[in-house]
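A short worksheet on the structure shown next.
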Amino acid sequence: MNKPLVCICSITYNYEKFIAEAIEGFFLQKTNFDYEIIIADDCSTDDTSNIIYRYIPDSRNDDKIRCFFHPQNFCKINFIFAWQQSYVKY
């Protein structure tokens, strides 16, 4: 993968019912540029992190997804943390 132009920052907490649909939606985007997906899980207590882990070896991933699993809740600063992990233009 070339240096991505766009970053998709996704924060999550106990979203096991929705996280797979969100990731599938990220992969459905048709672009003519590289993008990255940053997912910051805020210490989910349900199956959210296991669902995210299943997407790491996905052939569509191509090293697009970077995940962070916090050992404690960051709450409001979780998005700021996710955003700071990216150094792309948009």
The listed residue being of a type in the set (Gly, Ala, Ser), over 17 Å from PRO4 (Cβ atoms) and either assigned to a loop (DSSP other than H, G, I, E, B) or open to solvent by 40 Å² or more (accessible area, probe 1.4 Å) (or both), out of SER44, SER49: SER44
Being open to solvent by less than 100 Å² (accessible area, probe 1.4 Å) and not in a loop (DSSP other than H, G, I, E, B) is the filter here, so list the residues in region 52-63 that pass it. ILE52, TYR55
Quick one: count up the residues across region 1-34 that are within 12 Å of ASP47 (Cα to Cα) and either assigned to a strand (DSSP E or B) or under 15 Å from the mean Cα position of the chain (by Cα) (or both). 8
Restricting to region 21-41, and then to whatever is in contact with a Phe, Trp or Tyr (Cβ under 8 Å, 6 or more places away or on another chain) and under 18 Å from PHE69 (Cα atoms), can you tell me which residue is most open to solvent (accessible area, probe 1.4 Å)? ALA22
In this structure, does ARG66 turn out to be open to solvent by 80 Å² or more (accessible area, probe 1.4 Å) and either among the acidic types (Asp, Glu) or assigned to a helix (DSSP H, G or I) (or both)? no
Flagged pairs (Cβ under 7 angstrom, 6 or more apart or on separate chains; first in region 59-86, closer than 25 Å to GLU24 by Cβ; second open to solvent by 80 Å² or more (accessible area, probe 1.4 Å) and part of a loop (DSSP other than H, G, I, E, B)) are ASP62/MET1; ASP63/MET1; LYS64/MET1
Within region 7-19, residues closer than 24 Å to VAL88 by Cα and open to solvent by less than 70 Å² (accessible area, probe 1.4 Å) come out as CYS7, ILE8, CYS9, SER10, THR12, ILE19
Residue under question is ILE38, and the condition is that it be touching a residue at least 12 places away in the same chain (Cβ under 8 Å) and either part of a strand (DSSP E or B) or not polar (S, T, N, Q) (or both); does it hold? yes
Restricted to region 69-82, and to residues that are at pLDDT below 90 and not in a loop (DSSP other than H, G, I, E, B), which residue is least open to solvent (accessible area, probe 1.4 Å)? ASN78
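The values are calculated or read from the model by the stated rules, or taken from the named source; none is laboratory data. Keep in mind the model is a prediction, meaning the values are calculated, not measured. For neighbour counting, all protein chains shown are included, and Cβ atoms are generated from backbone atoms with ideal geometry for every residue, glycine included. Accessible surface areas use protein heavy atoms only, side chains included; no ligands, DNA or RNA. Shrake-Rupley method; radii C 1.70, N 1.55, O 1.52, S 1.80 Å.
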